[in-house]
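To keep things clear, I will list the structure first and then write my remarks on it.
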Amino acid sequence: MSVKPEPASAQFAGPFALATLSAPGNPRFPALVTADSQVADLRTALRDDALTMRGLLEQWAVALPRLRALAAAPGTERRPLADFQVHAPIEPRQVLQSGANYRQHVIDLHVAHRDPADDRSEEDRRAEAAEIMDRRAAEELPYVFIGLPSAIVGPYDDVVLPSWAEKPDWELELAVVIGRPAHRVSVESALDHVAGYTIANDLTDRATVFRRDMPQIGTDWLRSKNVPGFTPLGPWIVPAESIADPDDLRVTLRLNGETMQDESTKDMIFGVARLVSYISQTSRLLPGDLVLTGSPAGNGIHWGRLLRDGDVMEGAVTGLGVQRTRCVAEGTT
């Protein structure tokens, strides 16, 4: 069930984007969506009935010129976007998530999660957070953890809030879609391995981030972030060539129409190339994998207002469109 009818018009940078769509009662398929909100079924256009979005990305270097030509060809068979349901654009094998990657966000969290025994002033604690970030940036050590693909849902799907989640929160992020295998790549070549970008909302239950029974063990990302539906994704994959600078995009989240997050990716401590390169030093990134780049300041924990039944989130990133999701309490769907 979607929060409202999905958009009859496509909004993204460049002449085309990629989507995973379905017609009523039919299976999902990879699609090319043009700026005039028309859809070409890529299984037909590329003559591959078994084609998936991941399969397309696995041949990205060959596919991209064909997609450009397809978008520009006036005779291509197309249908209106309004005829289809929009799903998450990709089913990744791996989801790598960057935490504490926006300077102002880290400062806010450092203050919000104050140890009760810490009686220092807020000014002192903010200064400490700034010093920690400067050291991390100098030492080239982003904070990256692993997410579950099963948490991903579509950009207009309802998000079910588990009954046990005491403090569910939003975290809108720029998501990187890998298009070429990347292992031990340099910062200078990292963007050559990026196919495109999309939007992710990395929901988090703040109450379960830290283990109460074992505080010394650190963060519990399994329980706090990987609930089914906690990662609305999409609507589109916009090719990297249509995004002039991923480190200069506006990330905006509105809750019930009120702006809560509104920050540029310029505030990231580690930009896209540095994140991709860093992750690749340990892991092998594969076509279709996602790299979530972190969330800016303005989360619910900052505002003292967490997610509730009936809330509607609207997330936008410059050039990547808009996703809209409604929160539904568990047991009410």
* Consider residue 88 carefully, then state whether it is of a type in the set (Gly, Ala, Ser), at pLDDT 95 or above and closer than 16 Å to residue 179 by Cβ. => no
* Structure fact -> Only one of 182, 138, 190, 195 is modelled with pLDDT under 95 and not basic (Lys, Arg), namely 138
* Asked: Inside region 228-248, can you point out the residues that are of a type outside the set (Ser, Thr, Tyr) and buried (at least 24 other Cβ atoms within 10 Å of the Cβ)?
  -> 230, 232, 233, 234, 235, 236, 237, 238, 239
* Structure fact -> All conditions in (1) open to solvent by 30 Å² or more (accessible area, probe 1.4 Å); (2) modelled with pLDDT under 95 are true of residue 129 except (1)
* Quick one: which of 172, 222, 191 is among the aliphatic types (A, V, I, L, M) and under 22 Å from residue 315 (Cα atoms)? -> 172
* To do: Filter region 271-305 for residues that are of a type in the set (A, V, I, L, M), in contact with a His (Cβ under 9 Å, 6 or more places away or on another chain) and open to solvent by 40 Å² or more (accessible area, probe 1.4 Å) and give the result.
  => 301
* Residue pairs meeting the criteria (Cβ under 7 Å; at least 6 apart or on separate chains; first within 12 Å of residue 19 (Cβ to Cβ), in region 36-49; second surrounded by fewer than 18 Cβ atoms within 10 Å (Cβ to Cβ) and of a type in the set (Ser, Thr, Tyr)) -> 37/9; 40/76
* Asked: Among the residues of region 110-123, is there at least one that is over 15 Å from residue 267 (Cα atoms), buried (at least 21 other Cβ atoms within 10 Å of the Cβ), modelled with pLDDT of 80 or more and touching an Asp or Glu at 6+ places or on another chain (Cβ under 9 Å)?
  -> no
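Condition check ((1) touching a helix residue (DSSP H, G or I) at 6+ places or on another chain (Cβ under 6 Å); (2) over 23 Å from residue 298 (Cα atoms); (3) of a type in the set (A, V, I, L, M, F, W, C)) across all residues:
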site	(1), (2), (3)
105	no, no, no
129	yes, no, yes
151	no, no, yes
155	no, no, no
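Would you pick out the residues in region 77-109 that are open to solvent by 30 Å² or more (accessible area, probe 1.4 Å) and not basic (Lys, Arg)? Break it down stepwise before answering.
Narrowing region 77-109 to residues open to solvent by 30 Å² or more (accessible area, probe 1.4 Å): 77-80, 82-83, 85, 91, 93-94, 100, 103-104, 109.
The answer is 77, 80, 82, 83, 85, 91, 94, 100, 104, 109.
The values are calculated or read from the model by the stated rules, or taken from the named source; none is laboratory data. Worth saying up front: this structure is predicted, and the values here are computed from it rather than measured. FYI the Cβ positions are ideal-geometry reconstructions off the backbone, even for glycines, and counts take in every protein chain you see. Note: accessible area is taken over every heavy atom of the protein model, side chains too, but ligands, DNA and RNA are not part of it. Shrake-Rupley method; radii C 1.70, N 1.55, O 1.52, S 1.80 Å.
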